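Here is the structure we will look at.
The values are calculated or read from the model by the stated rules, or taken from the named source; none is laboratory data. What you are looking at is a predicted structure, and each value in this text was computed from that prediction instead of being measured. As a convention, Cβ positions derive from the backbone with ideal geometry for all residues, glycine included, and neighbour counts pool all protein chains shown.
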Amino acid sequence: MNRSARLGLLIISAALLFMVALFAIGNRTFLFSDTIEVKSRFTQVAGLQEGAPVQFQGINVGRVQRVQLPASPGEQIVVTMSIATRAGHLIRKNTAAQIKSDGLVGEQIIVLENPQEIDEPAEADDFLPGEDPFDLFEITDRAMASVQTFEQAAIAFETIMIDVQRGEGTLGRIVYDSTLYVELVSTTNETRRILNGLANSAEANAQILVDLASEATSGIQGILAKADSGDGTLARFLNDPAVFEALLATTDSLQVIASDLRSVSQSTENAAFWGELGAFRMAELMEAAKHNWLFRRYFEERGSIEAAPFEVREQAISESFRQISDRERELLLWEERLQLLQDDLAQRADSLGIIPPGSEDQ
């Protein structure tokens with residue numbers, strides 16, 4: 001080998017050695033700095049390599065010195081970190097060492113974080129609490145388990161729907177058995193019959209009350225006519241206390257009867273109201289069942305999807321309720337007239353010096 005070849009080989013070797021030394025120095029930022037070594041234990045390190053940065057609040061304060069395999073299965077991995085002496089006062093015995101990724105797809109680094117309760121400063125060869133890195137495979141396994149559970153639920157629901165289509169079970173009988181529909185129609189018809197009976201009874205009672213009031217009015221008008229002419233019972237009443245007492249007793253009886261009739265009317269009104277409300281709720285349920293996706297096909301096959309008889313019943317019940325209210329108001333007017341008549345008779349008796357029965361004790 002001539003001299004030129006040896007010189008060229010020497011230059012190339014020197015250049016290679018310079019590049020290797022430059023790379024080693026660049027990868028060992030803290031090579032010529034004073035450091036202390038601390039350790040941490042991890043169950044798994046997710047690809048952490050020697051020379052990886054160690055950061056504290058986003059600032060590089062050291063490097064990973066060694067990643068030691070466990071001595072036996074089941075033991076933890078020991079990671080040795082070289083921390084610069086200038087940052088040693090920040091590292092405490094309870095400082096947590098966390099393995100994280102530098103960015104989304106970056107290398108694995110160690111991040112040191114202090115808890116809220118600060119402990120004593122860490123010394124050389126102390127073990128810092130280690131926190132394992134985020135395990136993406138564990139999350140994936142849980143997601144797959146959830147998907148399998150959902151798939152099993154879907155299969156179970158499909159089995160239930162098949163049983164329903166076959167008419168099996170409670171839900172299947174409700175959907176495909178006509179017994180429920182027949183019972184609902186029967187209940188509706190029975191409710192209609194009861195309400196019609198209540199309405200007819202209320203109308204008959206109201207008519208009786210009107211007839212009694214009319215007869216009482218005719219009698220009172222005849223009495224007033226005879227009293228004006230000086231003949232008849234009223235004229236005798238003005239002079240005979242026994243007649244006055246009998247009339248007062250009759251008036252009290254009429255008041256008791258009117259009170260009882262008013263109670264009957266109120267009870268009839270309440271019964272009609274609750275019957276109307278029950279029929280309306282039942283009609284709403286039937287109408288809702290017609291538009292429900294489970295029952296709609298059933299009602300379409302029966303040809304009753306457009307039927308709404310509850311509206312007719314509701315209108316009839318409202319008309320009956322209005323008539324009962326009008327009759328009650330008429331009865332109240334007659335009661336007021338009877339009270340005025342009683343007061344007028346009492347005033348006339350007082351003007352004639354007749355003492356009404358029962359007022360002597362007072």
- line: Residue count, the range 46-60, condition β-branched (Val, Ile, Thr) and surrounded by 19 or more Cβ atoms within 10 Å (Cβ to Cβ), comes to 1
query: Give me the pairs: first residue in the range 246-263 and farther than 20 Å from Ser325 by Cβ and of a type outside the set (Phe, Trp, Tyr), second residue at pLDDT below 75 and not in a helix (DSSP H, G or I), beta-carbon distance under 9 Å, and six or more apart or on different chains, which are they?
result: Leu248/Pro356; Leu248/Pro357; Leu248/Gly358; Ala249/Pro357
- request: Identify all residues within the range 310-354 that are more than 19 Å from Ser259 (Cα to Cα), of a type in the set (A, V, I, L, M, F, W, C) and touching a helix residue (DSSP H, G or I) at 6+ places or on another chain (Cβ under 8 Å); write none if there are none.
  value: Phe310, Ala316, Ile317, Phe321, Leu345, Ala349, Leu352, Ile354
query: Of these, Glu284, Glu311, Glu300, Glu360, which one is of a type in the set (Asp, Glu), assigned to a loop (DSSP other than H, G, I, E, B) and either touching a strand residue (DSSP E or B) at 6+ places or on another chain (Cβ under 7 Å) or modelled with pLDDT under 85 (or both)?
result: Glu360
task: Would you check if there is a residue in the range 118-137 being farther than 16 Å from Ile36 by Cβ, modelled with pLDDT under 85 and part of a helix (DSSP H, G or I)?
output: yes
- request: For residues that are closer than 11 Å to Arg41 by Cα and β-branched (Val, Ile, Thr), scanning just the range 61-85, find the one that is surrounded by the most Cβ atoms within 10 Å (Cβ to Cβ).
  value: Val79
Scan of the range 87-115 for residues that are surrounded by fewer than 12 Cβ atoms within 10 Å (Cβ to Cβ) and either closer than 12 Å to Val38 by Cα or of a type outside the set (A, V, I, L, M) (or both), ordered by number: His89, Gly103, Gly106, Pro115
